[in-house]
Structure formats: C-alpha cells, structure tokens
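The next block holds one structure in the form of structure tokens; read it before the comments.
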Amino acid sequence: MTANAIAQTVLTLRRAFNEGLTRDLDWRKGQLAALERMMAENEAAIAEALKADLGKPFGEACTAEIDLVSKEAAHARKNLRRWNKPQRTGTPLAILPGKSFVVPSPFGVTLIIGAWNYPFQLVLSPLIGAIAAGNCAIIKPSELAPASSALLKQLVEQYLDPKAYAVIEGPADVSTTLLAQHFDLIFYTGGERVGRIVMEAAAKNLTPVVLELGGQNPCIVDETADLAVAARRIVWGRFLNAGQICVAPDHVYVAASVEARLLDELKRAVATMFGPDPKQSPDFGRIVNPRHAARLQALLDNGRAVTGGQADIEDCYVAPTILTEVPANAAVLREEIFGPILPVLPYQTLDVPLAAINARSPALALYAFTRNPQTADRILAETRSGSATINDTVVFMANPNLPFGGVGASGMGSYHGHYSFKAFSHQRAVLKRGFALDASVRYPPFTPSKLSML
Ligand code: NAD
C-alpha cells in the first residue's frame, strides 16, 4: 500500500469519527455482534490460516484465538452501556452548586499493531476495546503470519464498517509509514526493540501508547510444591504454540532438594502430552519460520537436554526441550526464548531466585509453585511483574476481570475485558454548573477582605 493510500485511509476514518459514526452505543454493539459472527462463521478458515502460518493445533486455535476473542466481544457487548455510563463524582463546597462527572470518551482514530504468534487474538482483542469505547481503528497485522493477515483483512472488510475499521497489511516499512501518520492512540504488541521505535514515533505527535512487549518470565518451584501438577502446568504453558507465547514460563528455579524429581515429572509430562516423538504429535506446533527455528536450534546446546534437544529447520520444528546444567551466563537465560526450550536451575535458598529476578527488568508474567502461603506472599511482595500466578501458568489470561499487560521493559498499559475499554478511553472530567451564586470572592481585585475569606 502506498503512503498516499495509507494517508487516505486514515483520513476516511477521521472523517467518520468526526461525523460521529462511532458515537452511538447501539452502533458499537452492532459492530461487536458482527465481530462475534465473524469468528463463529469462519472458525474453519481461521484454524486453517493458523495451521498454515504456525502449524497451530486445532484445539489451540479454538481456545486461544477463536473462543477467547468471541468471549471478549460478547463480554464487551453486554457491558458496553454500563462501561460508557458517566460516573457521578463529588463536588467540593467551593464550586457548588455544580455536578461533577467522569465521562469515558473515545480517543479518536487509533492504530493497532500486532505480533505474529497469536495473529487474530492480538489485534482483535484490542479492537474490541477500541469499538466498545467508540474509536475508529486501523489494524496492522504481522507480516510473519501471512495467511492470518490476509484472512483478517478479508473478514474485517466483510463484517465491520469500512468507514471506521480497516486492515493494512505489509512488512515493517508499512508500519513505519503508518507511524508517520497522526493517530490518537497506538496499541502495539511485539518485541522490545520495535516497542521503542513505536514510542519514539508516537512522541512526535504526543500520541499515547499501550505497549505489550515480552522478555523472560521466571517460574519458581519450591520443595513443598506438588511436583507432578506443577510439571504438567509448566509443560503446558511452556510448549503451547511451540513456546511462542509471551507469557510462557521461560526458566524454572527449583529448590535443589527436589530438582531431580521435578526433572522426572517434566520429562513425563512432555511424553504424556506429545508422545514419544513430538514431531508427529498433532498437538505440537511449529516455529513461525526457519530463521527463528535456527535461532532456537543454537540455544539447544546451552545445557544438557533431559528431554528433546532436536531441531529440523526445514520443517520449522524444534523439539520440546528441558535443559539442566545451564551456565548462569548462557544465551538461553539472557535472551527472550520464544520457543519450546525450558532451562531448569536449582537453588539452595529462595533469596537466590528472588535476587536473580530483581536483577532483571520486571517480567510480563511471574509464576510460583508452592504449598506454603508465606512463601507465595514473600515472592509476591519482593518482586515486580506485569502479572503473577501462584500454582499455575498462563490461564490468568482467560479471566476478563484481570488486566493483561507488562511493567517496565515488558510494557505499559493493560487490556482484556473492562481494561480494554479503559485502554481505549480518555477519562474526561465534566463539571456542569448553572449561573446562580456567582460569588465575587474568586475574582480580582483581591482586596484584604476577600483574602481573609479564602
Ligand atoms: P513482529 O516481528 O511480527 O513485529 C510486531 C509488529 O511490529 C509487526 O506488525 C511488524 O510489522 C511491526 N514492526 C516490525 N519492525 C518494525 C519497525 N522497524 N517499525 C515499525 N514496526 C515494525 O513480532 P515480534 O516483535 O517478533 O513478536 C514477538 C515479540 O512480541 C516477543 O518479544 C513477544 O514477547 C512479544 N509479544 C508480546 C505480547 C504481549 O501481549 N505482551 C504478545 C505476543 C508477543
């Protein structure tokens, strides 16, 4: 798409916004209902696109993309009137008579840039917030998931109002052209490096940003944990979408006294979920492209593989791999893994993982497995992260009552459920007064008698 065509699209949306197209709440509900229909009527096509881009298993496509988006849209549609209601708030004596309100109002024309690992969810879930709050939006899906990107464009054009919502496809330079336009909010999901580029571009127009970024998510397993359950939940969270998920546990700190048992349980969980040869499993996905598969292959020898350790670059396959004996300075501990590799690191006292966690920028997600509530509380109190889950991984994302987002280098702002609506709303202060009681005390000249009244 040319720069001119992009500018033209932004102009079309801005005109629709200025003319008040998105103001009507029933219209917004209609758009959300259309989005729900879009997901329901195209389940097979969406699953097929995800299979083509990521070898995504059908079950994962249904739960983490189709159902999640459908439920978010239905939740927003049902709550839209309540969320948009002006909130009456108090008015101090000095400015009475008067009525004060906090009124959620749309930003205007917004830009949503998505990553490739959940190509539908990562742009449609923010879009739901944008629609509910009354914004127009341009979606820029990731070029690394081309089948999903093309289908998104086709479906959004077919189901949603093209005067308010558009999909612009293309590589990074299309993002660059888009970012040169004036938007009223930019919602970006992707890596930290590009997050900085987005924020810099937004600064030129004083555009607010929501950044959903990544990093390394730590997981602690102490000696009191149910090791079999912990292992299953860790393996599930780490190897979902072949490890290409921003909230996966990236490395496990385990109490040294139970390390051997945890490694056995992790190995058993991998074999139970994906069989003796995970390459043949219909439930284990592929890496997005050979470049990323090769990047991951280079991390496989960062420790001793307890299970896995194989890669087939041509097939974009990297085996679900558990590593032990990993040196502290290994790349697999420094870089975001974003693939099916899980280093396990023994510790003697809890101070060690806490110090290691706090030596890094706060993670998007932190996990801890323990039966000891004091240990759980200590871990929560002594660390920072976008989210924290005790005794499970990843599932917090399915709760629309919890905000989803990072802190520090893992991002800023949050969304899901009501938080998506808030992310796309400005909280406008509205004070309504009449003309009565126009006390002269606040007006100059400030005579001594007036000053004595203040
Ligand atoms: P990516 O390469 O697909 O990039 C994301 C988007 O940025 C794409 O739409 C791409 O076109 C655009 N982009 C790329 N280079 C750009 C540039 N120079 N200028 C402007 N735009 C540009 O995705 P990625 O960054 O490889 O995605 C993986 C990262 O995303 C990981 O770090 C992961 O943790 C993070 N992620 C975060 C979340 C979250 O919700 N916090 C979710 C998924 C992924």
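Could you name the aspartates and glutamates in cross-link range of LYS450, using Cα to Cα under 16 Å and dropping any fewer than eight places away on the same chain?
Partners found: ASP438.
Roughly how big is the chain's charge dipole about its Cα centre, with Cβ charges of +1 (Lys, Arg) and -1 (Asp, Glu), in debye to the nearest 20?
Computed about the Cα centre, the dipole is about 2220 debye.
What's the Cα-based Rg to Rh of segment 314-454, Rh via Kirkwood?
For segment 314-454, the value is 1.28.
Provide the FRET efficiency to the nearest 0.05 for the ARG196-ARG428 pair, computing r from the beta carbons and using R0 = 30 Å.
Numbers: r = 30 Å, r/R0 = 1.00.
The computed FRET efficiency comes out at 0.50.
Do you know the relative contact order of segment 349-428, to the nearest whole percent, from alpha carbon pairs under 8 angstrom that are 6+ apart?
27
If Lys and Arg each add +1 and Asp and Glu each add -1, what is the summed charge of the other residues whose beta carbon sits under 12 Å from the beta carbon of PRO249?
0
So which aspartates and glutamates pass the test for LYS267, namely a Cα distance under 13 Å, with those fewer than 8 places away in the same chain ruled out?
The qualifying aspartates and glutamates are GLU259, ASP277.
Rounding to the nearest 20 debye, state how big the charge dipole of segment 195-242 is about its Cα centre with +1 on each Lys and Arg Cβ and -1 on each Asp and Glu Cβ.
Magnitude of the dipole: close to 240 debye.
Projecting each Cα onto the charge dipole of the chain (Lys/Arg +1, Asp/Glu -1 at the beta carbon, about the Cα centre), which of PRO86, PRO290, ALA44 comes out farthest on the positive side?
The Cα lying farthest towards the positive end belongs to PRO86.
Return the whole-Å distance between the Cα centroid of segment 311-355 and the Cα centroid of segment 96-114.
44
About its Cα centre, how strong a charge dipole does segment 331-380 have in debye, to the nearest 20, once Lys and Arg get +1 and Asp and Glu get -1 at the Cβ?
With Lys and Arg at +1 and Asp and Glu at -1, about 80 debye.
When all alpha-carbon pairs of the chain are counted, what percent fall beyond 31 Å? If you can, show how the numbers build up before the last one.
Working: 48128 of 102831 pairs.
In whole percent, the long-distance tail amounts to 47.
The numbers here are math on the coordinates, done by the rules we state, and not lab data. Being a predicted model, the structure only gives us computed values, none of them experimental. As a convention, Cβ positions derive from the backbone with ideal geometry for all residues, glycine included, and neighbour counts pool all protein chains shown.
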